[in-house]
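One structure below.
Values quoted throughout were computed directly from the atomic coordinates according to the rules given, and no laboratory measurement underlies them. Keep in mind that this is a model prediction, so the values were computed, not measured. Positions of Cβ are backbone-derived with ideal geometry, glycine not excepted, and every protein chain shown enters the neighbour counts.
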Amino acid sequence: MTRKIEDIFDNCLESIFKGEGIDDCLKAYPEQAPELEPLLKTSLVFMQRFSAIQPAPEFKARVHSQLQTMLYAKQKKAEKRAWIPIWQSRWALAMTAILGFLLIGVGTLAASAYALPDESLYPVKLAGEQVRVTLAFSDIDEAKLHVQFAERRAGEMVEMARQGKVDEILVLTEQVANHLDKIYVMEQPPEVEEKGPKMLAPTPIPAPSKGAEAYSKGRGAEELETVLSQSRANSLAALRNALDKAPEELKPVLQQAIEDVEEDYNKTISIIKSGLSQ
Amino acid sequence: MSIEKDVVSRAIKGNGGAFAQLYEEHFDRIYRYVYLKVGNQTEAEDLTQEVFVKALEAIGSYKWRNSPFVAWLFRIAHNRVIDYLRKQGRVGKVVLEDDITLVGGLDPAFMAERQLEIEELISNVKKLSPAQREVISLRFGSGLSVAEVAKALGKNPATVKALQYNGIAALRRLMLGDR
């Protein structure tokens with residue numbers, strides 16, 4: 001009997017959810033009507049009250065816009081994966097990188113270790129990093145390197161902010177994103193990887209973007225701050241996302257990177273706020 | 001293939017329009033569910049936003065055969081809320097904010113009355129047992145069917161119906177006791 005009244009009550013609720021009146025239900029179940037009526041009336045009151053809880057339209061629009069940005073980034077990533085013949089280009093790149101490494105010479109590479117983006121040895125530093133990525137033994141080693149290089153770029157950003165070099169800061173934000181993007185490839189291998197050697201896509205040495213060109217020094221610190229805040233949010237989200245799914249071995253590296261990258265972004269933003277002049 | 005299945009399949013493949021459709025369909029009900037759990041507009045907004053960000057990130061791993069999409073989405077919301085309340089040391093409690101903001105440009109007196117009603121509603125809902133509260137929030141706040149609630153909570157539909165029936169009966173007693 002108890003079970004039955006629960007079923008009947010649910011049937012009536014479904015009818016009410018669909019817009020039917022309580023009376024229709026009471027007529028359909030005359031025996032249970034005395035028990036059902038007060039509960040259905042209470043349900044109706046609660047339905048009305050619950051429906052008054054609505055999200056603010058501006059909040060809803062804000063989230064919608066954020067999700068659209070994320071979707072766009074996701075689509076771009078998918079397009080990239082679909083079009084790069086990853087395993088073919090990797091071997092060519094590996095050979096080029098090894099030759100480059102030999103030509104550059106170990107001494108020059110060592111000297112470039114502390115080079116900053118506006119210095120002549122900086123491309124050598126990036127090429128050296130590229131070689132290390134290409135020669136990494138495993139996916140996890142590669143991921144560690146990408147995390148390490150993303151941290152480096154964030155550190156360089158602080159120095160560039162101190163020197164007031166806006167264009168370099170913007171290029172560095174892209175490089176951070178680029179490295180973190182490679183961790184994403186590692187954690188969710190695309191189908192194509194099953195067919196070829198299990199390696200990651202090569203990391204090209206990033207060139208200044210159109211966005212960076214457009215962002216001349218004449219533009220405000222406020223706008224730069226917004227770009228940096230967005231980049232910080234994206235970078236931390238990428239690292240946290242990776243942390244959720246990473247193998248145990250990689251987790252301490254990611255955990256440390258989250259702290260370091262956040263700290264460097266905060267420092268950069270703080271310098272920008274104080275007038276791009278420190 | 002049902003319309004919803006089709007939309008979900010397209011969203012899994014990265015179709016932005018399909019995800020936007022799912023967002024429109026489920027946003028308000030997720031917000032209401034979260035709001036009923038945390039009792040605070042700002043926190044509810046932050047958590048709802050996190051739920052959809054998480055859903056977008058994870059939608060590639062969603063498999064239809066395990067549970068309906070809406071149940072999967074509410075599971076994310078449920079887990080997120082529980083994590084949040086645990087961090088706050090507030091599991092099992094709902095703290096009401098002083099001033100609930102209702103949306104709409106209606107008559108201030110009407111709005112004030114509505115506000116009181118919602119405060120009373122949340123206050124009563126939090127007196128239910130955790131299982132009853134969960135079922136009532138999902139069923140009435142978010143408009144899920146019994147089958148969907150059962151999937152989201154990992155319970156038997158008959159159990160959900162019993163919790164629903166007893167929950168409403170308890171709410172009625174609480175309402176009468178308040179007057």
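Couple of notes before you dig in:
- Relative contact order computed over region B:116-179 (Cα-Cα under 8 Å; 6+ residues apart), in percent: 36
- For the peptide A:56-64, the mean number of other protein chain Cβ atoms found within 10 angstrom of a residue's Cβ is 5.
- The HN-Hα couplings worked out from phi for region A:164-175 by the Karplus form 6.51 cos²θ - 1.76 cosθ + 1.60 (θ = phi - 60°) are x, 9, 5, 4, 5, 4, 5, 5, 5, 4, 5, 5 Hz, whole numbers, x standing for Gly and Pro.
- Cross-link partners of A:Lys144 among aspartates and glutamates, defined as those whose alpha carbon lies under 18 angstrom from its own and excluding same-chain residues fewer than eight positions apart: A:Glu129, A:Asp181, A:Glu187, A:Asp244, A:Glu248, A:Glu249, A:Glu259, A:Asp260, A:Glu262.
- Taking other residues whose beta carbon is less than 9 angstrom from the beta carbon of A:Ser112, and scoring Lys, Arg as +1 and Asp, Glu as -1, yields 0.
- Pairs exceeding a 21 Å alpha-carbon distance, out of A:Lys76/B:Lys13; B:Lys37/B:Lys87; A:Lys4/B:Lys37: A:Lys4/B:Lys37.
- Average beta carbon contacts from partner chains per residue of A:19-28, 10 Å cutoff: 0
- Average beta-carbon neighbours from other chains, 10 Å sphere, peptide A:39-50: 6
- Separation between Cα centres of region A:230-261 and region A:112-153, rounded to whole Å: 18
- Under the Karplus curve 6.51 cos²θ - 1.76 cosθ + 1.60, θ = phi - 60°, whole-Hz ³J(HN,Hα) for region B:73-84, x wherever Gly or Pro sits: 5, 5, 5, 4, 4, 4, 5, 5, 5, 4, 4, 4
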